[in-house]
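Chemist: My structure is below; once you've seen it, I'll send some questions.
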Amino acid sequence: MTPTPRERRKRIRSTARGLAAFTAAIAGMFVVAPVAQAQEPLQVSTVAGGLTIPWGVVVAPDGTVLTGERSGKFLAVRPDGKRVNVAADLSKIFAVKEAGLMGLAIDPRFSDTRRVYSCQAEYTVPGAFTLPGSVADLPIPAPQTGQTIKVVSWRVNADWTQMARERTLLSGIPVTSAGRHAGCGLAATADSIWVGTGDSATPSVPQDRKSLGGKVLHIRLDGTPAPGNPDSRSPVYSLGHRNIQGVAVAPGSGRVYVAEQGTSRDDELNLIVAGGNYGYKPDRAPLIYDESVPMTDTQRVPGAIGPVWSSGNSTIATPGIAFLPDTGWGPYSGGLVLTALKGKRLVFLKLSDDGRRVVSKTEALEQKHGRLRSAAVAPDGSLVLTTSDGDRTDRILRVRWED
């Protein structure tokens, strides 16, 4: 019987895997095996194109994909592929450098609440002065001229044409006129919201317990500090972070992980514990934002908690994180995935039972789809990504395991 095209593809993949395993075994006699490069059948399709820096992404229970462009615009893509420009009051968005409309999270009870959360930078003083790009990256603190970052609650109408702003849940997350290291990642549970913030490229902020920058914050759905925070009056849960853009809660265990972007080296995956100090302290030189310090400075920050995984030298810029379903993803099932901007790839990690170390790592889609930013898992188990190349070239992608 003549094999079908699907059967021929499976035979080719099986042969390729066998050859790869044999080659790896022979190579292993002489050298340490390199990081695995994924040969598995990842199928990538485009959900929507023609976007500019879509930042956060979430998927509703009915399969509708919602993203927000950094400049201040919501876009929904319905299950039938119809695009909807969602009307929302984003008139105060401060979109400079890394700041703007950033992380999104969807209420786990969305079918009942129709609620979505955003992390967004806003002007507090209309037309406030901003630093030009030519000086924004200088290693000195930029002035704060009338900007802040807020966590906002939105209510989406039934046909996804409008989002009504309900309330500001949290304000006062620092951002400067340069827009550097604005963060800002979100994850929502049934009763709380986790917020990962950036340090605004200000030397004192990561270790300043009174600042909301360079922290993981934990709040109730009404914006008040969540139970279990080290200081019951403060939303601060952990400190000593540089620039968190991705937050994820592990299904089942409830462990909280953040994807943190490194300096010239050591992007990090961190497991967050209450009161933990993750060791970033860029204030070694007076008045200078000193990024030559280690991401986890155990000498200058005694007791600093090291990462579960780090990129080493050099960084690949890891903004997005998502946990994959327990089935349907072959050897990746139950693991997590990180996106990479500079590295233009996905990094799949399988963790130990206690969640404190990586037992296997595989990279995939390297240099194939541009800079990859946000990640979310859809109800059907597929992975939804946003790209971040700019100038109307960006896309929402869907990745599936095809076997």
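Chemist: Along each of its three principal axes, how wide is the spread of alpha-carbon positions in region 46-88, in whole angstrom units, largest first?
Modeler: Result for region 46-88: principal-axis Cα extents of 26, 20, 17 Å.
Chemist: Further question: What's the magnitude of the charge dipole for the chain around its Cα centre, counting Lys and Arg as +1 and Asp and Glu as -1 at the beta-carbon? Answer in Debye, nearest 20.
Modeler: 620
Chemist: Ok, one more. Using modelled amide H (1.01 Å from N, peptide plane; none on Pro or chain starts), what sits under 5 Å from the amide H of residue 381, excluding residues fewer than 5 places away?
Modeler: The answer is none.
Chemist: If the only charges are +1 at each Lys and Arg Cβ and -1 at each Asp and Glu Cβ, what is the size of the charge dipole of region 207-366 around the Cα centre, to the nearest 20 debye?
Modeler: Once rounded to the nearest 20, the dipole reads 120 debye.
Chemist: Through the Karplus equation 6.51 cos²θ - 1.76 cosθ + 1.60, θ set to phi - 60°, convert the phi angles of region 369-377 into ³J(HN,Hα) values in whole Hz; use x for Gly and Pro.
Modeler: Result, rounded to whole Hz: 9, x, 6, 9, 10, 9, 9, 8, 9.
Chemist: Taking 0.36 nm per residue of separation and subtracting the Cα-Cα distance, what length does fully extending residue 125 through residue 393 add?
Modeler: Contour length minus the Cα-Cα distance gives 93.3 nm.
Chemist: Shifting gears a bit: List, in the order given, every pair from 150/210; 97/210; 215/361; 73/210 whose Cα-Cα distance in the structure shown is over 23 Å.
Modeler: Over 23 Å apart, Cα to Cα: 97/210; 215/361; 73/210.
Chemist: Let me ask something additional. What accessible area, in Å² to the nearest ten, does a 1.4 Å probe give for residue 326?
Modeler: Surface open to solvent at residue 326 totals about 130 Å².
Chemist: Now, a different point. Say the dipole of the chain comes from +1 at the beta carbon of Lys and Arg and -1 at that of Asp and Glu; which of 332, 186, 212 then lies farthest toward its positive end?
Modeler: 332
Chemist: What is the distance in Å between the Cα centres of region 307-340 and region 156-197?
Modeler: Centre-to-centre (Cα) distance: 23 Å.
Chemist: Rounded, prolate or oblate for region 351-403? Axes are the square roots of the Cα gyration tensor eigenvalues, ordered a ≥ b ≥ c, and the cut-off for rounded is a/c under 1.5.
Modeler: It is prolate, given that a/c is not under 1.5 and a/b is the larger ratio.
Chemist: For residue 265, enumerate residues with amide H under 5 Å from its amide H, sequence gap 5+ or separate chain, H modeled in the peptide plane.
Modeler: 315
Chemist: Further question: Between residue 162 and residue 353, what is the FRET efficiency for a Förster distance of 45 Å, r being their Cβ-Cβ separation, to the nearest 0.05?
Modeler: Result of the calculation: an efficiency of 0.50.
Chemist: Could you tell me the center-to-center distance, by alpha carbons, between region 81-140 and region 344-380 in angstrom?
Modeler: 25
Chemist: What is the extension gain from residue 224 to residue 134, computed as 0.36 nm multiplied by their sequence separation minus the C-alpha to C-alpha distance, in nm to one decimal?
Modeler: Stretched fully, the residue 224-residue 134 segment lengthens by 28.5 nm.
The values are calculated or read from the model by the stated rules, or taken from the named source; none is laboratory data. No experiment lies behind these values; they were computed from the predicted model shown. Note that each Cβ is placed from the backbone with ideal geometry, even for glycine, and that neighbours are counted across all protein chains shown. Surface accessibility is based on the protein's heavy atoms, side chains included, excluding ligands, DNA and RNA. Shrake-Rupley method; radii C 1.70, N 1.55, O 1.52, S 1.80 Å.
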